[in-house]
Each structure stands twice: as structure tokens, then as C-alpha cells.
Amino acid sequence: MAGQAGMEQVMEAERTAIVQLEEGLHARPAARVVQFAKGFVSDIEIVKGGRSANAKSTVKLMLLAVKEGDEIVIRARGEDAEAAVEGLAAIVTGEADAPATPAAREEAAGAAPTALPAQEPAAPGELVGVAASEGVAVGPAFVYLPHEPQPRRTHIAAGEVEAETLRFRRAVEAVCAMLERRSDDDDAAAATAADIMAALRDVAQDPEFLEAVEARIAAQEDPVAAVLAVGRELAERFTHIDDAYFRARAEDVRGVARQVANVLLGRDGSDLAALAEPAILVAGHLSALDLARLPLRLLRGLVTSEGGPTSHIAILARSFGFPAVVGVKAEEAVLRAARTVAVDGGRGVAVVNPDPAVAAAYAARLEKAEEERRALAAFTHVVPKTRDGRVIEVAANLGSEAEIDGALGFGAMGVGLFRTEFLFMHGRTLPSEDEQFRIYARVVKAFRPHAVVFRTLDIGGDKALPGIAPEREENPFLGWRGIRMCLDRPHLLKPQLRAILRAAALGTARVMFPMVTDIAEVRAARAIVDACRQELAEEGQETGPLEVGIMVETPAAALCAATLAREVDFFSIGTNDLTQYTMAADRTNARLAHLNRADHPAVLAMIEMTCRAAREAGIRVGVCGEAAGEPAMIPRLLGWGVSELSMSPSLIPRAKKIVSEC
Ligand code: PEP
Ligand code: MG
């Protein structure tokens, strides 16, 4: 369609398209559409169900909540309308790729969630939290507990409107500049941070956000009040979208509004920029924006009053290898007063302003840990054999490719548990089959000739995933999680299995299913593996041999192990969940730490029963829960026939030493 407007020729173009993007117009695809649209001078809108959005506004586009399969109308007006419409149609129908935004999800720097409950009762003066990343540290505290920005007035005079609008624009520019800050770290965690920053910059520059604030300033509202109000309103709109991925954007919008308000109030708003020396960070809530700005390399430890073991910061702590305790129960005033801190990430405790004796005790433990580490170095690359000549595979539990080098450095003989959920949790969109394949292929190749056991998505319980798992269940640990959810969501499971089958062509890959309780689940899952292999063969894609196993981590699986053993190639005992389910004790509840012991007779009976079933059926049995790395458990497990122990990489040399002495 073409029309005339004055002397200039104004083109109009329009077409409908069915969105073929698996994630719909979520954060990343929306950002791509916007980036592409901004390359045209034409005004472009996308219409869905009678509602339209400016295609140059990520926020507006996301608020349209376009899902895969939705029909949309793309409309443009301007000299390059035709090209804009055709180009956008090609993107949303998946026929063409737009210039990519920094997509670093596949490099997400997640690490194995140890989520150990506190092992011992806290000593006097110790603050108890959730163990998020192992290790001990003692040193100067860096307290980051910013006050919420508060407007100093509600209204401005008519004569101030122009100047205040300008001030607001400068504040936005300042925030964008902060978000441009490049990190010195060139690894995966930094790439993730860059991804977060790019998304936040998008929000800060979004016309929907800017225009709404400026309209309020024009109506003589104080700019701080205006920006906070718009942030709240926009966040609220995201909160109401029937899709948790979109809902999670509410936090981004609020964070950006807060940051702009702080700049308007003359505060940097983030003292994090002032963190220039190595320190232990003491904080409350850490937003995505905070994380993006954190100089992670300087952190020696972390204590936060909010967050769980699978929060972003906990994942980053494990990835960067500093001890972390999150969700510490303490008055804000106590945390605010911190000058020095001692933290024990393995026990989930911290001491604020420790007296010299306590500080010395922590320093001594740190030194001892260092000494032990040096003494164990001799075992790093041995192939551990029991005295009766059995070789035991001592493998690593990983959650991301960023941990490969660390694990190899500790002498990992393969990967006994690759927790794939962190690839899904860390980024802002679901990883595609190809993205997963790239990661799995890299892991498989890195550990050749050893095997890598990929566990299919284990979401639910303590690992909620916005957009996939229900965020609220009465009993999440007894809920719709692990294989239960994946069997109901083949669109999640199939791309994952296809990616694993393809990676299996490049080395030794195995797959295992989490949270199995019934034989029907195993049969259904195996049938999907077979179907995926068949599909790939028809498509001419190369696949490799793939052993199929299950995690034995529910009492039901342990009790039915003899039957299940006939259906699979191997068992891997997940002692973390097996313990919590056997003992009916939530593994994240520090109060129940005394019950959460894999060496309780009830749990030992479950493990023994599983090993016996595996032995009788002639299949391999490994252990990938935390018990695999516990010195007292190792001889027992080997005695029952366990042939693979998989653990946090840093525990590998000690485990090899113990195996050699068994
Ligand atoms: C387990 O339950 O023991 C296990 C290894 O899995 P996760 O800790 O990831 O639940
Ligand atoms: Mg488990």
C-alpha cells in the first residue's frame, strides 16, 4: 500500500504473521525485534488482538505478551515501510535472524547447588543463614544496604518543568552510562552480567518509560516521585501478565526506576561502585542491576539477608569460588554495623565483627583448609583404586560450562551430574536446542574419554523457574517437579534430549532423569529418547550411543529399585533428596539439619537397597549427592558396590585419597 502526504511520499505497509518463535516475544526476541525496527525511519507497530504496540519499544512489545502461535499484524508508515514489515515478519516467523543482542545465556556461570543445611548448631554470636557456597573467609566487610529513594517533595512549580525534564533526561543518560560499564572479567559470569545490563539499558531507554515520566513532570510532578510512580505502574503491569518470564521483568523496571531516582537525588544509588578492595559483601536484597555492577573478582565472601541457595548471587558465588551465606536472619542494624565479617559458607553461618579469638579461629581454619588443599594436590591426577584393585570414577558435579576448567584442574574423571537447570535459570529466556547442544558438546569434548551424565531439567522444589514451574505450590518439594513436569512439557524435554543425543556423537554422554518415583515415568521418558533419536536420524543429524539412567532420590525409587534396574543402564543415587524424603525433613531448613544426614540408618538402608538391586541386575550405580564427597560415607558406599562418586570439584582430590586407602 502506498499513499501521499504533502510533497513527500509516505509508504504504508501491513501484513499478518504467525509468530514462530518458541518463546514468543519475550525479553530477548523482543529486544531483537526492537533493535531491528530501530534501523528503520518508519513508524512501526505490532498489533495483537486489537491492542497495538510501538515496535521500537521493548517494554510495550513485551506488554503485548505475544506467544508462539499468536497471529499478529505488522504495520509500518514511512519511506522504508515495506522493507520494515517484511524484515520484521521474517524475524517473527523465524525465517531470518535479526542482529543478536548479547546472548550469553549458554555461557551462564552457574555452579552446582550444594544447598547444604547448616551442619552444626550455630555457636554464640553466629548468624545463621542458608549455605550457598562453601569455604571460609574472614576480613573487612563492605556493607551495601542502600536506603529506598524518597522524593523530597511531590510537586514542582510550572517554571521548573523544563529544567526538571532536562535533569530527568540527564539522570537516565547517567544510568545508561553506568550500565555500559564494561567488566574486566571476560568469562561466562561477566557475559551473563553484560546480558543483564543490556536488558536494563533497554528498559531505561524505552519510550514507554521515558514518555510516561515526562508527561508526569509536565503535569508538575516532582521527577523523583514521577519516576518511582512510573516504575511501580509499569512493574505492576508486568506483574499481571500471565507468564512468569514477563512477570520477572517487573524487578528490572523497578530497579531502573530506583536507580534513576537515586541519581536525581544526587546519590550514586549504588555504593557498589565504591567497592575497590577485596572484601566480604554484606547486603540485603541484590537486584539484577546490583549483580551486573558487582566487581565479583574482589569478593572474598558474601552475607545477605535475602535470597536462597539458587538465587543468582549464590550461583555466581559458587562459580567464582567465594563462600556465601544467604538469607541470614539478622536485624538490619546488626548488618549495617559490620566492619569485619567471618563467614563459613559450608555451614551457612557468619559472625559480624568477630572478636579477636573468633577471627583468629576462622583465619586458622582458612589456613588449615589451604594446607589440606596443598597436601591433597598429589592425589589430583591419580586414577584411584581401592586396595582390592577396583578403579573408582571420581567425577564432578557441574552446572555450567564455566566450571569445566576448574573441575579438570581438580582431577575430575568425567561429570557424574550435569545439572542442566542452571542453564535454564540463569538467563532470561529458555535455551534453544542448538544453544544447549553447543554447551553439552563442549562439556562432552572437554572430558573425553570420560563420561558426562546430563540430568534432564530438574525444576521445582527449591529451584523455581519463572515461566516454567509454578511459583507457588503448597508443598513444592512434593510437587510438580523433575521428570513429572518434563513429561508434561515435551516442548522442554525434547529439545534437551535431542541436544544430548547430538552431543553424544562427540564423546561419551549419558542421560538421567530426576525425581523418578514410578516405572511408568521411566518408560515414558525412554520412549521420548527413542522418538528423538528417530527424528534426528530422519533429519540426517548425527547422534551417538546414549546410556539412559535414573536418579534414585525418592524412597519410592529405592524401594522399587529391583524393578527399575531392569529398565535402565545405570542408577545415580541423589542422597540430598533421598535424605530429605526419607527423613521427611526439608533440606533447606537449617533447623532440621540434624535430621538431614545421609548417614542416618534409614537413609543408609535406602542406599544399600538400591546398590543391591543394581548389583543383582548387573547395572552400574553411582552417587551424586553430597554424601559422595563425605569422607565417612565413601568406604561404605564402595563396600556396597558404588563405582562412581560425583561431587563438587574441590572435593575430588580428598575423595581420591580416601578411595586409595579403602
Ligand atoms: C540429590 O538430590 O542428591 C541431587 C544430586 O540432586 P539435587 O541436589 O540437584 O537435587
Ligand atoms: Mg535431587
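For segment 651-662, the condition holds for at least one residue, the condition being that it is surrounded by 22 or more Cβ atoms within 10 Å (Cβ to Cβ), part of a helix (DSSP H, G or I) and of a type in the set (Lys, Arg). Within segment 564-574, the set of residues being assigned to a strand (DSSP E or B) and within 14 Å of ligand 2 (Cβ to nearest atom) comprises PHE571, SER572, ILE573. When ASP577 is tested against (1) away from ligand 2 (no atom under 16 Å from the Cβ); (2) of a type outside the set (A, V, I, L, M, F, W, C); (3) assigned to a helix (DSSP H, G or I), exactly one condition is not met: (1). Only one of the listed residues (ARG498, ARG438, ARG442, ARG484) is modelled with pLDDT of 90 or more, within 16 Å of ligand 1 (Cβ to nearest atom) and not assigned by TED's automatic domain parsing to the domain that holds ALA199. That residue is ARG484. Across segment 6-34, the qualifying residues are those that are within 30 Å of the chain's Cα centre (by Cα) and open to solvent by 80 Å² or more (accessible area, probe 1.4 Å), and the one among them that is modelled with the highest pLDDT is GLN20. Within segment 634-651, being under 30 Å from the mean Cα position of the chain (by Cα), more than 12 Å from ligand 1 (Cβ to nearest atom), over 15 Å from VAL391 (Cβ atoms) and of a type outside the set (Gly, Ala, Ser) holds for PRO649, LEU651. Is at least one residue of segment 530-545 in the same structural domain as PRO490 (by TED's automatic domain parsing), over 18 Å from PHE454 (Cβ atoms) and touching a strand residue (DSSP E or B) at 6+ places or on another chain (Cβ under 9 Å)? No, every residue in segment 530-545 fails to be in the same structural domain as PRO490 (by TED's automatic domain parsing), over 18 Å from PHE454 (Cβ atoms) and touching a strand residue (DSSP E or B) at 6+ places or on another chain (Cβ under 9 Å). Residues LEU430, LEU366: which one is farther than 18 Å from PRO449 by Cα and in contact with an Asp or Glu (Cβ under 7 Å, 6 or more places away or on another chain)? One residue alone meets the criteria, LEU430.
When VAL383 is tested against (1) open to solvent by 70 Å² or more (accessible area, probe 1.4 Å); (2) at pLDDT 95 or above; (3) in the same structural domain as ALA279 (by TED's automatic domain parsing), exactly one condition is not met: (3). Filtered by the rule that a residue be within 12 Å of ligand 2 (Cβ to nearest atom) and either on the phi > 0 side of the Ramachandran plot or charged (D, E, K, R) (or both), segment 580-605 gives a lone residue, ARG587.
The values are calculated or read from the model by the stated rules, or taken from the named source; none is laboratory data. Everything numeric in this text was worked out from a predicted model, so none of it was measured. Note that we place each Cβ from the backbone using ideal geometry, even for glycine, and neighbour counts take in every protein chain shown. Note: accessible area is taken over every heavy atom of the protein model, side chains too, but ligands, DNA and RNA are not part of it. Shrake-Rupley method; radii C 1.70, N 1.55, O 1.52, S 1.80 Å.
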